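To start, the structure under review is shown below, and the notes come after it.
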Amino acid sequence: MDIAHLPRRSFLRGAAGLAVAGAAGLVLPRAAQAATEPRIYSCAEWGARPPADALTTLDHPADRILIHHIASANSTDYSLAHAFQVARDDQHDHIDNNGWSDTGQHFTVSRGGYRLEGRHGSLEALRGRTTMIQGAHCPGQNTNAIGIENEGLYTSVEPPRLQWESLVVFCAYICRQYGIPVEEIKGHRDFYNTECPGDKLYAKLPQLRSEVAKALV
Ligand SMILES: [Zn+2]
């Protein structure tokens, strides 16, 4: 059977629950709402370059999420155009300066709360649920962990609310798609000698796990 046509696990799990949606009182199955994909801008949408080398598709789902910060300026430009520019700058940096095949991380969240695909193929793999693209965001974790880079530097300040709320929604979707337990949302520094994702964002990871858990109910 084509895996793409199988019902989502969340639909099966939540089929008994009903929720009232919106002022019109439209009743939708809770699970139908839960399965909705949040808006994620693809590589094609933000104008990515083609990868410099062939990427590797791994024949298994991801089992962890690693949270990063880009350690870039804490811009107050919260526009979509700026988010696209961040994604392009990051890709150029990773290919031209690091010599990598493509953007290292699978996904990026801008300070304005826009969610973007990083490495080519990551979004399609996430939708399909059974494969992942090998990343380049943390040695030893690139074949099992989804990397999310957050625009900004969080050593002494916390991420803005829009970015935080977007990250919660994004992590919940990734956890649901791949069946990742919230306990496996970790920081880059948990697996590598780095200050990433910054003391302030790292300190919020327990809260992130808690909010994602609530979003998955
Ligand atoms: Zn990192």
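Quick look at the numbers
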read-out: Tabulated pairs, the range 181-200, first within 14 Å of L153 (Cβ to Cβ), second part of a helix (DSSP H, G or I) and more than 9 Å from the ligand (Cβ to nearest atom), C-beta under 7 angstrom, 6+ apart or interchain; value: none
read-out: Which numbered condition L126 fails, given (1) surrounded by 21 or more Cβ atoms within 10 Å (Cβ to Cβ); (2) within 16 Å of the ligand (Cβ to nearest atom); (3) of a type in the set (A, V, I, L, M); value: (2)
read-out: Residue check, T108 among the polar types (S, T, N, Q) and assigned to a loop (DSSP other than H, G, I, E, B); value: no
read-out: Residue list for the range 183-199, filter: touching a strand residue (DSSP E or B) at 6+ places or on another chain (Cβ under 9 Å), outside any loop (DSSP other than H, G, I, E, B) and over 19 Å from A125 (Cβ atoms); value: K186, G187, H188, D190
read-out: Some residue of the range 132-143 being under 24 Å from A81 (Cβ atoms), of a type outside the set (K, R) and surrounded by 22 or more Cβ atoms within 10 Å (Cβ to Cβ); value: no
read-out: Criterion: surrounded by fewer than 24 Cβ atoms within 10 Å (Cβ to Cβ) and in contact with a Leu (Cβ under 9 Å, 6 or more places away or on another chain) - qualifying residue of A62, A81, A54, A73; value: A73
read-out: Qualifying residue in the range 159-168 (condition: modelled with pLDDT of 95 or more, more than 15 Å from the chain's Cα centre (by Cα) and at positive phi); value: no
read-out: Of all residues making up the range 140-176, the number that are closer than 23 Å to S75 by Cα, assigned to a loop (DSSP other than H, G, I, E, B) and within 15 Å of the ligand (Cβ to nearest atom); value: 6
read-out: Test: residue in the range 131-139 that is in a loop (DSSP other than H, G, I, E, B), small (G, A, S) and within 14 Å of the ligand (Cβ to nearest atom); value: yes
read-out: Output for the range 150-209, where each listed residue is surrounded by fewer than 15 Cβ atoms within 10 Å (Cβ to Cβ) and over 17 Å from H69 (Cα atoms); value: G179, P181, E183
read-out: Test: residue in the range 77-99 that is among the polar types (S, T, N, Q), in contact with a strand residue (DSSP E or B) (Cβ under 9 Å, 6 or more places away or on another chain) and within 16 Å of the ligand (Cβ to nearest atom); value: no
read-out: Tabulated pairs, the range 54-67, first free of Cβ contacts under 8 Å to residues at least 60 places away in the same chain and acidic (D, E), second within 16 Å of the ligand (Cβ to nearest atom) and part of a loop (DSSP other than H, G, I, E, B), C-beta under 7 angstrom, 6+ apart or interchain; value: none
read-out: Test for D59: is it away from the ligand (no atom under 16 Å from the Cβ) and of a type in the set (D, E, K, R); value: yes
read-out: Residue match in the range 112-131 (condition: more than 16 Å from V86 (Cβ to Cβ) and among the β-branched types (V, I, T)); value: yes
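The values are calculated or read from the model by the stated rules, or taken from the named source; none is laboratory data. Because the structure is predicted, anything quoted here is derived from the model rather than measured. Every residue, glycine among them, receives a Cβ derived from its backbone with ideal geometry; neighbour counts consider all protein chains shown.
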